[in-house]
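The values are calculated or read from the model by the stated rules, or taken from the named source; none is laboratory data. This structure is a prediction, so every number in the text was calculated from the model and none was measured. With ideal geometry, Cβ positions are generated from the backbone for all residues, glycine too; neighbour counts draw on all protein chains shown.
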Amino acid sequence: MTAPRPDKPAKPRVWVTRAEPGASRTAARLRDMGLEPLVHPLLAVEHLKPALPDLDRFAALAFTSANGVAAFAALTPRRDRPVFAVGETTAQAARQAGFVAVRSADGDLTALARLIAAELNDAVLLAPLAETPAGDLSAALEAAGARNITVEILSAYRTTHTPLIPPVCDAVLIHSPRAGEALASCMTQPAAVICACISDAAATPLVALGLTPAVSERPDEATLLATLKAALGKRDTPV
């Protein structure tokens with residue numbers, strides 16, 4: 001007689017790997033979707049305290065993440081420089097921090113460079129980024145045909161891996177390439193879980209392990225969560 005299969009949880013368990021405070025916001029969205037979030041960040045964010053240049057030299061600020069916004073906002077009360085943000089989540093973080101002239105590229109680093117190139121020329125930008133940036137904004141601007149735009153990088157924060165044992169889950173959310181690298185480093189073998197990634201770059205380390213992640217069509221959380229929901233809906237067997 002075949003032993004009965006254990007009941008699977010009433011709610012799919014979704015591992016949230018992003019750093020706080022974003023992890024808690026994502027967890028709240030997952031609960032609203034009827035899912036069970038497991039908040040175990042793979043990354044920790046540390047704000048740095050670099051010497052701040054004279055902001056009057058810069059035509060605008062360029063942010064590639066909400067972490068960059070938070071780290072820069074902690075360095076100065078000034079909010080008078082125009083802001084170019086990589087996507088709506090980053091743009092919203094800038095508005096909440098008090099910046100009033102905020103433009104969103106609604107995309108990735110390439111989209112951000114194209115927006116800046118279309119709006120500015122003969123200008124100097126300040127880009128508060130991670131200590132080790134995930135992409136090269138200067139190269140992206142050059143590829144976008146920017147006209148005499150110089151980017152000065154301000155190392156405003158660093159991200160570090162948080163060693164942990166992966167929790168038992170049905171799916172895992174990857175919000176960044178660095179989180180994808182961190183997940184790949186802690187997986188000893190490909191796991192039978194759904195991996196939903198915010199971009200191709202975030203998925204690349206997992207593809208190298210032989211996984212086939214579900215990749216968001218747009219690099220924003222709303223689309224990522226829709227991608228997760230669709231992937232969970234296609235699952236035929238319990239994980």
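Picking from residues in the stretch 111-138 that are farther than 19 Å from ALA202 by Cβ and part of a strand (DSSP E or B), the one that is farthest from the chain's Cα centre (by Cα) is ASP122.
Conditions tested, residue by residue: (1) surrounded by 15 or more Cβ atoms within 10 Å (Cβ to Cβ); (2) among the polar types (S, T, N, Q); (3) within 19 Å of ARG103 (Cα to Cα); (4) modelled with pLDDT of 95 or more.
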{"site": "LEU125", "(1), (2), (3), (4)": "yes, no, yes, yes"}
{"site": "LEU129", "(1), (2), (3), (4)": "yes, no, yes, yes"}
{"site": "GLY135", "(1), (2), (3), (4)": "yes, no, no, no"}
{"site": "VAL151", "(1), (2), (3), (4)": "yes, no, yes, yes"}
{"site": "ALA156", "(1), (2), (3), (4)": "yes, no, no, yes"}
{"site": "THR160", "(1), (2), (3), (4)": "no, yes, no, no"}
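Just wondering, is there one or more residues in the stretch 61-72 that are of a type outside the set (Ser, Thr, Tyr), modelled with pLDDT of 95 or more and surrounded by fewer than 18 Cβ atoms within 10 Å (Cβ to Cβ)? Looking for residues that are of a type outside the set (Ser, Thr, Tyr), modelled with pLDDT of 95 or more and surrounded by fewer than 18 Cβ atoms within 10 Å (Cβ to Cβ), one finds none in the stretch 61-72, hence no. Are any of the residues in the stretch 4-26 touching a Lys or Arg at 6+ places or on another chain (Cβ under 7 Å), closer than 18 Å to PRO133 by Cβ and modelled with pLDDT under 95? For the stretch 4-26, residues touching a Lys or Arg at 6+ places or on another chain (Cβ under 7 Å), closer than 18 Å to PRO133 by Cβ and modelled with pLDDT under 95: absent. Regarding the stretch 115-129, can at least one residue be identified that is of a type in the set (Val, Ile, Thr) and touching a helix residue (DSSP H, G or I) at 6+ places or on another chain (Cβ under 9 Å)? Yes, some residue in the stretch 115-129 is of a type in the set (Val, Ile, Thr) and touching a helix residue (DSSP H, G or I) at 6+ places or on another chain (Cβ under 9 Å).
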